[in-house]
Amino acid sequence: MTIVHIAGSAVLPFGRYPARDVVSLGAEAARAALADSGLRPADVGFGVFANALAGRLFGASTLGQNVLAEVGVAGIPVLNVENACTSGSTAVHLACTAIRAGEAEVALVVGAEKMCVPQLGLINSGETEVDTLLGLVTPASFALRAQRHMHEFGTRPEQLAAVAVKNRAHAGRNPAAMFRQPVTLEEVLAAPMIATPLTRLQCCPIADGAAALVLVSERVARRLGATVRVAASVLTTGTYETAPELARWETDRRAAGLAYEQAGLGPGDLHVVECHDAFTIAELLHYEGLGLCPPGEGGAYVEGGAAALGGRTPVNPSGGLLSRGHPVGATGVAQVVEIAQHLQGRAGERQVPGARVGLAHCMGGDKDGDTKSCTIIILRT
Amino acid sequence: MTGLPPELAGAYRVLDDRHVVLLAARAGADGALTFPRRAWNAATLAPAEPVEVAAVGRVYSHTTVCAKAPYGLPTPYAVGYVDIDGTGLRVFGLFDQDSAAALAPGQRVELVARPVGVGNDGAACLRPVFRRLEDAA
């Protein structure tokens, strides 16, 4: 079975693009990733497009064919993926699967989203879900985890806020991030409350944006000189237990275990991590789920600087969802782009020196107190 | 006001005294209860056994949502998970406004129906809300 490599990558800076549509955002990222790879549109044998909200917001469907046609890619299999916040990383996973199966030697993965429109409203799990009718908006589901983590482990509000401060400092070094001005612990804690104990600066912003990757087989990678390879790619769901454990995320632990087994390494081998910090508590839970620290010690981990640039294992050097922004369909692709660029030594001012192994983690959707989808992709040189 | 919104009617039954029972099912592997009710047993794929559960338990986690409330719910409003006595179920729910200020993990609560907010059709409706047992009339 061939080993999938990263041949090209690109991220369109996340932010607000009132005059652009989803197709133009996606096509710009796709064109840039193809140019980065040195490949031509005619070389692409498989396409995957990720988007989560265009159907609901604009009545659009099967936009992937439109995006790829804009960059001259047609007459090949094209898939459209909606998998909540993991739409983009699921698209990466599917492209890896196709290349490993020998269905294609070059795959183009594009994630794009346009969210900064008046009709967005609060994101939930769907208007027919019982929990939605009872007021479960996404910030509340994470706030409930934060409350339980504080109750069980004594995690403090200042430790939650430290995640937002760290990620904003990282974003200051990332020209593609949405919010780059530093914030203080006091500012994070004093921001308007969204759902106790999470203030506005502890909740990721909506954004427009796009990201793209060109994935290739080992044979094509040798020809191009591409050195970053996919060491593991895992996609799984929650287990939807009747008594969800909110202070420990079993789905994270299970997905991470599978990914480490595939890659033949462990959390101590990671040089850089991107994770799904939709809310500050999420990043603490992911430290613990990924094995970066023991259960319950996420607060101390971030407070001690281990997750900061220059720390033991920098987490979210891009600024994460909290500061880079979270255009849902683009996020999972952008996380892999970020890791790839660190491993290629192309991450600019936020470069993790000597990074050779990195992990991108994403999760999306709520069901019965668990996530609907979790992905982990490990890259190494 | 006619009662629960249709999306909730398959999950709860309102008794004459406005107490609410959970419409659960013995549908999990090893005969575990599931809520909301599932139609099929996960282990055997046979039809699941319907079970009605008295909704009394202890608060597991709670939060107060201060962002603009959906469905005409009051702002702020409180939600959380409750461990239902003797069932292994941990269920999500709204908390009664009068109980919200004094919530804490372990607090005893029961489920009652109250007129709260609107449904997907915009009409006023009943919703099940947990209230502190000490607050019960």
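The values are calculated or read from the model by the stated rules, or taken from the named source; none is laboratory data. A quick note: this is a predicted structure, and the numbers were derived from the prediction, not measured. A quick note on method: Cβ atoms are made from the backbone with ideal geometry, for glycine too, and the neighbour counts reach across all protein chains shown. Heavy atoms of the whole protein, side chains included, go into the accessibility calculation; ligands, DNA and RNA do not. Shrake-Rupley method; radii C 1.70, N 1.55, O 1.52, S 1.80 Å.
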Scan the range B:121-137 residue by residue and report those that are touching a residue at least 40 places away in the same chain (Cβ under 8 Å) and either within 16 Å of the chain's Cα centre (by Cα) or open to solvent by less than 10 Å² (accessible area, probe 1.4 Å) (or both). B:C125, B:L126, B:R127, B:P128, B:F130, B:L133
Looking at A:A161, A:A177, can you tell me which residue is of a type outside the set (D, E, K, R) and either free of Cβ contacts under 8 Å to residues at least 40 places away in the same chain or outside any loop (DSSP other than H, G, I, E, B) (or both)? A:A161
Can you name every one of the helices (runs of 4 or more DSSP H) wholly within the range A:38-145 that holds 2 or more residues which are within 14 Å of chain B (Cβ to nearest Cβ)? A:130-133
Just give me the residues in the range B:89-100 being touching a helix residue (DSSP H, G or I) at 6+ places or on another chain (Cβ under 8 Å) and either under 20 Å from A:K367 (Cα atoms) or at the interface with another protein chain (Cβ under 9 Å from one of its Cβ atoms) (or both), in sequence order. B:F92
Only one of B:A55, B:A78, B:A46, B:A69 that is more than 20 Å from A:M193 (Cα to Cα) and either surrounded by fewer than 21 Cβ atoms within 10 Å (Cβ to Cβ) or within 11 Å of another protein chain (Cβ to nearest Cβ) (or both): B:A46
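Being within 13 Å of another protein chain (Cβ to nearest Cβ), in contact with a helix residue (DSSP H, G or I) (Cβ under 7 Å, 6 or more places away or on another chain) and crowded, with 19+ Cβ neighbours inside 10 Å: is that true of B:T64 here?
When the stated conditions are applied, B:T64 passes them.
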Can you confirm whether B:G86 is farther than 18 Å from B:G28 by Cβ and either open to solvent by 50 Å² or more (accessible area, probe 1.4 Å) or away from every other protein chain (no Cβ under 11 Å) (or both)? no
Within 18 Å of the chain's Cα centre (by Cα), farther than 27 Å from A:R219 by Cα and buried (at least 16 other Cβ atoms within 10 Å of the Cβ): which single residue out of A:L57, A:L12, A:L63 fits that description? A:L12
Residue within the range A:159-177 that is out of contact with any Lys or Arg (no Cβ under 9 Å at 6 or more places or on another chain) and closer than 25 Å to B:V116 by Cα present: no
Restricting attention to the range B:101-120, which residues are open to solvent by 30 Å² or more (accessible area, probe 1.4 Å), away from chain A (no Cβ under 11 Å) and either charged (D, E, K, R) or in contact (Cβ under 8 Å) with a residue 12 or more places away in the chain (or both)? B:A102, B:R108, B:R114, B:P115
For B:R26, work out the one condition from (1) more than 10 Å from every other protein chain (Cβ to nearest Cβ); (2) modelled with pLDDT under 95; (3) touching a helix residue (DSSP H, G or I) at 6+ places or on another chain (Cβ under 9 Å) it doesn't fulfil. (3)
In the range A:188-200, what residues are in contact (Cβ under 8 Å) with a residue 12 or more places away in the chain, open to solvent by 20 Å² or more (accessible area, probe 1.4 Å) and over 17 Å from A:E303 (Cβ atoms)? A:I194, A:T196
